[in-house]
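One structure is given here, and the rest of the page talks about it.
Since every read-out is calculated from the coordinates, none of them should be taken as a lab result. In this text, all values refer to a predicted model and were calculated from it rather than measured experimentally. Virtual Cβ from ideal backbone geometry, glycine too; neighbours counted across all protein chains shown.
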Amino acid sequence: MAKRAELAHAKDPVYLCDTFEGVVKAGALDTAYKGGEHADTAQHMVDDLVRRLNLKNVRILKGIFPDETAHLVDSDARFRLCHIDVDVYDSAKDVMAWIWHRMVPGGIVVYDDYGFSVCEGITKYVNEQVDETDRLVLHNLNGHAIVIKTPSLAAAGSAK
Ligand SMILES: C[S@@+](CC[C@H](N)C(=O)[O-])C[C@H]1O[C@@H](n2cnc3c(N)ncnc32)[C@H](O)[C@@H]1O
């Protein structure tokens, strides 16, 4: 994504947020998760990749987002794309609560794992958004949900 942003001459940074210690905030809605899953990576591996691709637009935020790292994002930052791949309900909800009013009209939030049997929390959280009047929620059959901030209603300040 960072490479594609660079090729598109986007000037803004690409923030990569991960605990690097696995999944956090698993709860009762996430029956396949306990916390700590997918901890088999490390920041140095991503640093290496960023270096090898010679990417200058990447900022890596290590820790729980937004709780521990949101203060490292530029205070006036606005976003066109947010990819949420956090596996569990509360993490997805907290990320969305932080970013939604920072998304530009027409901006897109992509949820990984939508509809996956082991990620019921993500499916539930996305489904809770379908009646919101400031967004369009699409189910991509590859296991993504796509949420688009609708320009007209967003401009009218109709967010609930
Ligand atoms: C399925 S992995 C995906 C990692 C990466 N997107 C990839 O494709 O390799 C989900 C990761 O999200 C991270 N994660 C979950 N909730 C998070 C949060 N609130 N803040 C930061 N990272 C989080 C965890 O480290 C977990 O390993």
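Observations, loosely collected:
A quick yes/no check of all residues on (1) free of Cβ contacts under 8 Å to residues at least 40 places away in the same chain; (2) over 27 Å from Arg135 (Cβ atoms); (3) of a type in the set (A, V, I, L, M, F, W, C):
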site	(1), (2), (3)
Ala5	no, no, yes
Val24	no, no, yes
Glu37	no, yes, no
Leu55	no, yes, yes
Arg59	no, no, no
Pro66	yes, no, no
Cys82	yes, no, yes
Asp87	no, no, no
Lys93	yes, no, no
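- Any hit, region 43-61, residues being in a loop (DSSP other than H, G, I, E, B), within 12 Å of the ligand (Cβ to nearest atom) and not basic (Lys, Arg): no
- Apart from one condition, Thr31 fits all of (1) free of Cβ contacts under 8 Å to residues at least 12 places away in the same chain; (2) more than 15 Å from the ligand (Cβ to nearest atom); the exception is (1).
- For region 80-93, filtered to residues that are surrounded by 16 or more Cβ atoms within 10 Å (Cβ to Cβ) and more than 11 Å from the chain's Cα centre (by Cα), the residue that is farthest from the ligand (Cβ to nearest atom) is Tyr89.
- Taken as a whole, region 113-124 holds at least one residue that is of a type in the set (D, E, K, R), surrounded by fewer than 16 Cβ atoms within 10 Å (Cβ to Cβ) and closer than 14 Å to Ala145 by Cα.
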